[in-house]
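*Asks:* The structure's right below; bear with me while I get my questions together.
The values are calculated or read from the model by the stated rules, or taken from the named source; none is laboratory data. Just so it is clear, the structure is predicted and the values come from calculations on it, not from any experiment. Cβ: placed from backbone, ideal geometry, glycine included. Neighbour counts: every protein chain shown. These area figures cover heavy atoms from the full protein model, side chains too; ligands, DNA and RNA do not enter into them. Shrake-Rupley method; radii C 1.70, N 1.55, O 1.52, S 1.80 Å.
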Amino acid sequence: MTLGVQTYGVLKGMLDGKNEQGQAVYLLFCALVGSKDVLFLETTGSVEPLDPSLPWKRFLDVLRDRREGDVPSFFSFAASQMETFLLDQNLLPQTQKHGNVKTLEHALTRFLGERLALKAVGMVKAEDPSPEDVQAVLEEKKAREEAQFRQEEQGEEGEAPALAAPAAPHLVVLRCQPLMDPVRGVPLHDLKVGDEVLAALPEDSFFFGLFRNQNPTFDGVVAAKVTGIKTTETGSAQVDLYLSEGILGALCLSGNVRVRVPQKEPLPEEGSSPQRFPPFLLGLVGLGVALLGAALYLLLYR
């Protein structure tokens with residue numbers, strides 16, 4: 001419906017994804033958006049599918065029920081990444097303005113594949129809300145803003161208000177390649193949280209290109225701390241890595257392999273010693289992962 005200078009609509013979506021082990025990962029979102037802004041956006045991960053063809057209020061109720069239930073941590077993380085992507089790229093207002101849900105489906109499918117290693121199929125449906133629904137959401141949004149304004153005014157006149165919790169950082173997830181070492185490496189089953197391993201950044205990633213431009217000798221090999229290990233019945237595993245503030249890595253390993261770890265001295269058979277992120281490059285990351293994330297989005301999705 002059109003209200004004032006904006007046309008409002010509901011966009012509902014389900015991303016049907018699968019990880020490398022074939023496990024289903026469903027990501028749901030529902031948004032009421034104008035051609036210029038987003039009135040609300042809610043997301044969740046789910047172990048079960050949900051048909052976006054359902055009436056939007058019913059779809060939203062089920063989405064909220066599932067979000068309040070027992071959602072696996074990776075599903076919640078993937079949903080938060082999807083939400084950040086939708087907002088950062090201004091995809092919802094653009095979809096509402098041009099009416100092309102296929103473009104949104106393709107953008108989300110590509111995002112999940114390149115950022116979260118999920119093979120996904122997207123399904124997005126548009127629905128026209130009633131004037132009463134849009135007016136109710138607008139009034140609720142206005143009431144929240146007025147309440148926040150009054151709270152800030154009271155804080156200025158009286159005691160200083162409590163500091164707001166810091167906004168969640170933009171997280172960049174990179175799929176890394178493991179470096180094997182059958183002789184000196186550490187067996188997969190001996191790895192534990194806190195250990196350091198060597199991994200190679202994908203050459204087509206934004207960060208590899210950025211670091212190579214700054215340091216032509218950078219070969220993509222970094223030392224990273226293990227933050228989590230998830231094993232399957234078949235013996236394969238996903239190893240979660242901390243690369244730098246706001247930058248995470250993921251290694252997928254099969255079988256009882258030996259992973260290379262940092263050495264005090266270069267290995268004789270290697271032409272160059274493994275390297276961490278150079279200090280000046282870490283400084284670039286420290287200036288703002290959100291900025292780098294934005295650049296990554298522009299390079300990958302424009």
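*Asks:* I'd like to check which helices (runs of 4 or more DSSP H) are fully inside the stretch 8-101 and have at least 2 residues that are surrounded by fewer than 13 Cβ atoms within 10 Å (Cβ to Cβ) and more than 20 Å from the chain's Cα centre (by Cα). Spell out how you get there, then give the answer.
*Replies:* Details: elements: 56-68, 73-88, 91-98.
Filter on the stretch 8-101 gives 56-68.
To keep it simple, each residue is scored yes or no on (1) modelled with pLDDT of 80 or more; (2) outside any helix (DSSP H, G or I); (3) in contact with a Leu (Cβ under 9 Å, 6 or more places away or on another chain).
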position: LYS141; (1), (2), (3): no, no, yes
position: GLN148; (1), (2), (3): no, no, no
position: GLN151; (1), (2), (3): no, no, no
position: GLU156; (1), (2), (3): no, no, no
position: GLU159; (1), (2), (3): no, yes, no
position: ALA162; (1), (2), (3): no, yes, no
position: ARG184; (1), (2), (3): yes, yes, yes
position: LYS192; (1), (2), (3): yes, yes, no
position: LEU198; (1), (2), (3): yes, yes, yes
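For (1) within 30 Å of ALA107 (Cα to Cα); (2) modelled with pLDDT of 50 or more; (3) in a loop (DSSP other than H, G, I, E, B); (4) acidic (Asp, Glu), each residue gets a yes or a no:
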residue	(1), (2), (3), (4)
PHE208	yes, yes, no, no
PHE218	no, yes, yes, no
ALA250	yes, yes, no, no
GLN263	no, yes, yes, no
ALA290	yes, no, no, no
LEU298	yes, no, no, no
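*Asks:* Out of the stretch 141-155, which residues are surrounded by 12 or more Cβ atoms within 10 Å (Cβ to Cβ) and without any contact (Cβ under 8 Å) to a residue 40 or more places away in the chain? Walk me through how you get there before you give the answer.
*Replies:* Looking only at the stretch 141-155, we keep the residues that are surrounded by 12 or more Cβ atoms within 10 Å (Cβ to Cβ), and these are 141, 155.
Hit for the stretch 141-155 is GLY155, nothing else.
*Asks:* List every residue pair whose Cβ atoms lie under 7 Å apart, where the two residues are 6 or more positions apart in sequence or sit on different chains, the first residue falls within the stretch 32-53 and is within 23 Å of GLN94 (Cβ to Cβ), and the second residue, located anywhere, is open to solvent by 40 Å² or more (accessible area, probe 1.4 Å) and of a type in the set (Asp, Glu).
*Replies:* Sorted first by the residue in the stretch 32-53, then by its partner, the pairs are LEU41/GLU83; THR43/GLU83.
*Asks:* Could you tell me which residue of the stretch 265-280 is most open to solvent (accessible area, probe 1.4 Å), considering only residues that are hydrophobic (A, V, I, L, M, F, W, C) and either under 28 Å from the mean Cα position of the chain (by Cα) or at pLDDT 50 or above (or both)? Reasoning before the result, please.
*Replies:* Here is the first cut: in the stretch 265-280, the residues hydrophobic (A, V, I, L, M, F, W, C) are 267, 277, 280.
From what is left, the residues that are either under 28 Å from the mean Cα position of the chain (by Cα) or at pLDDT 50 or above (or both) are 277, 280.
Numbers: PHE277: 17, PHE280: 101 Å².
Among those that are hydrophobic (A, V, I, L, M, F, W, C) and either under 28 Å from the mean Cα position of the chain (by Cα) or at pLDDT 50 or above (or both), it is PHE280.
*Asks:* Condition first: assigned to a helix (DSSP H, G or I) and within 21 Å of CYS176 (Cα to Cα). Now tell me which residues in the stretch 102-123 satisfy that. Working first, answer last.
*Replies:* Here is the first cut: in the stretch 102-123, the ones assigned to a helix (DSSP H, G or I) are 102-116.
The answer is THR109, ARG110, PHE111, LEU112, GLY113, GLU114, ARG115, LEU116.
*Asks:* Just give me the residues in the stretch 102-118 being open to solvent by 20 Å² or more (accessible area, probe 1.4 Å) and over 15 Å from the mean Cα position of the chain (by Cα), in sequence order.
*Replies:* Those that are open to solvent by 20 Å² or more (accessible area, probe 1.4 Å) and over 15 Å from the mean Cα position of the chain (by Cα): LYS102, THR103, HIS106.
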